[in-house]
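Let me begin by presenting the structure, written as structure tokens, before commenting on it.
Coordinate-derived values only; no laboratory data. These numbers come from a predicted model, not from an experiment. FYI the Cβ positions are ideal-geometry reconstructions off the backbone, even for glycines, and counts take in every protein chain you see.
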Amino acid sequence: MDDPVMLDCRGVWKLYGPAPAQFLKAHGGAPDAGALARAGMIGAVRDVNARIRAGECFVIMGLSGSGKSTLLRCMARLIEPTAGEILFEGRDLLAMPERELIALRRRKMGMVFQHFALLPHLTVLQNVAFPLDVQGIERSKREARAREMIALVGLEGREDCFPRELSGGQQQRVGIARSLAVEPELWFLDEPFSALDPLIRREMQDEFLRLQSMLKKTIVFITHDFDEAIRLADRIAVMKDGAIVQTATPEELVLNPATDYVAEFTRHIPRAKVLRLRTIMEPDTGGAVAGELPADLTVAEAAARIEAAALPFRLIEAGRPVGIVGRQAVIDVLVGRGKP
């Protein structure tokens, strides 16, 4: 059974240009690219439909200018969409009074952006506690919560430091801790690691995966890096020219791209990084095995162990055996031979 939908975008448009709402209405709510160009309109977000399930990491990706950050800001209603509906737990954010929307953002949403936006005159502890201060929570409680979040992101002992005394990766951890302090139900992250050096970026991705395994937040994550997307995503929405052209798991995107654009986008991704063992398994005939492995491991995660064993491994899903995978099947994926 699928998890419930937490955020539901229905026919969302964001147009820039003269009288965008009237233009959209005059074209029946569905202008094509030619009509937009003739009218001098920019279709930053075009007729987007996306359903984000509770507890999933939903990654939106695309090249610069594809509309992904604009869509995220529409989802949080940081900018006003031209048309459509955005339902959070069944309520339309676009029809919500501003006072109620602000309260919802403060209590149920967390946001982390590429630029850390830490307050330079506040310590780490004060920065992390700041959103709770805005809510009017008493000092002892907000600082206790802030200390918990600082420890969670691995910065214990840095509470009294100022942002200028931290590395870029440490500053980003403070931003993550601050966004988690309010215990958000929905977490927006807009290219949070793209300004970091490659090694620190990898470390922050590992930290993000660790946190998500513990907290099970509902996450909308923006990136232009497909390697990052496949590490973090449960599902990926690929955007082009303001529209979502395909939404699927990383494995489905690589194996069954819906358009030439998606195929080109995923062409150079090693299949071992996205293919799950269940995709290449064979029937289990009850023979001898070297051991058991989870069926949802990627080939890359399990390759070394499987290649080193003379016998195949039995795959387990939901506590039950579902098939076996041996050395040859893994080698075929690694060398690009055959199709799953």
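Determine the relative contact order of segment 272-334: mean sequence separation of Cα pairs under 8 Å and six or more apart, normalised by residue count, in whole percent.
39 percent.
Could you give the length gained on full extension between residue 267 and residue 35, defined as 0.36 nm per residue of separation minus the Cα-Cα distance, in nm?
This chain segment gains 80.3 nm when fully extended.
Run the simple label-point estimate for residue 167 and residue 141 please: 7 Å along Cα→C-beta, distance reported in nm.
3.7 nm
Determine which lysines satisfy two conditions relative to residue 141: a Cα distance under 21 Å, and not lying fewer than 8 residues away in the same chain.
Candidates past the 8-residue exclusion: 108.
Over the chain, what is the relative contact order in whole percent, taking alpha-carbon pairs under 8 Å and six or more residues apart?
It comes to 18 percent, rounded to a whole number.
Specify whether the C-alpha gyration tensor of segment 203-340 places it in the rounded, prolate or oblate class, a ≥ b ≥ c being the square roots of the eigenvalues: rounded for a/c under 1.5, otherwise prolate if a/b is larger than b/c and oblate if not.
Working: a/c = 2.24, a/b = 1.55, b/c = 1.44.
Prolate.
Report the Stokes-Einstein translational diffusion coefficient (µm² s⁻¹, integer) for segment 1-53, Rh taken as the Kirkwood radius over Cα pairs, at 20 °C with viscosity 1.002 mPa s.
In µm²/s, the coefficient rounds to 176.
Would you kindly give the portion of the calculated P(r) for segment 158-219 that falls above 20 Å, as a percent of all Cα pairs?
27 percent
Give, to the nearest whole percent, the P(r) tail of the chain beyond 27 angstrom, counting all Cα pairs.
When all Cα pairs of the chain are counted, 54 percent exceed 27 Å.
By how many nm would the segment from residue 194 to residue 85 grow when fully extended, if each residue of separation counts as 0.36 nm and the alpha-carbon distance is taken off?
36.2 nm
Starting with the highest mean, order 53-64, 172-183, 82-93, 220-231 by the number of other Cβ atoms within 10 Å, averaged over the residues of each peptide.
Per-residue Cβ counts within 10 Å, averaged per peptide and sorted highest first, yield 172-183, 220-231, 53-64, 82-93.
Give, in nm to one decimal, the length gained when the segment between residue 98 and residue 301 is fully stretched (0.36 nm per residue of separation minus the Cα-Cα distance).
68.4 nm
Restricting to the chain, compute how many DSSP beta bridges are antiparallel as a %, nearest 5.
Given both bridge residues lie in the chain, the antiparallel proportion sits at roughly 55 percent.
What 222 nm value per residue comes from the helices of the chain, counting each DSSP H run with n ≥ 4 as -39,500 (n - 2.57) and dividing by all residues, nearest 500 deg cm²/dmol? Before the final figure, lay out the partial values.
On the way: 14 runs with 129 residues, N = 340.
Result for the chain, helices only: -11000 deg cm²/dmol.
Taking R0 as 35 Å, what's the FRET efficiency between residue 214 and residue 134 from their Cβ-Cβ distance, rounded to 0.05?
0.85
Hull surface divided by four, with the convex hull built on the Cα atoms of segment 272-334: how many nm²?
3.7 nm²
Would segment 41-93 count as rounded, prolate or oblate if I go by the C-alpha gyration tensor, calling it rounded below 1.5 in a/c and otherwise prolate when a/b exceeds b/c, oblate otherwise?
It comes out oblate by the Cα gyration axes.
Under the classification rounded if a/c is under 1.5, otherwise prolate if a/b is larger than b/c and oblate if not, where does segment 1-157 fall, given a ≥ b ≥ c as square roots of the Cα gyration tensor eigenvalues?
prolate
At residue 227 and residue 335, where each label point lies 7 Å from the Cα along Cα→Cβ, what is the point-to-point distance in nanometres?
A separation of 2.5 nm, rounded to one decimal place.
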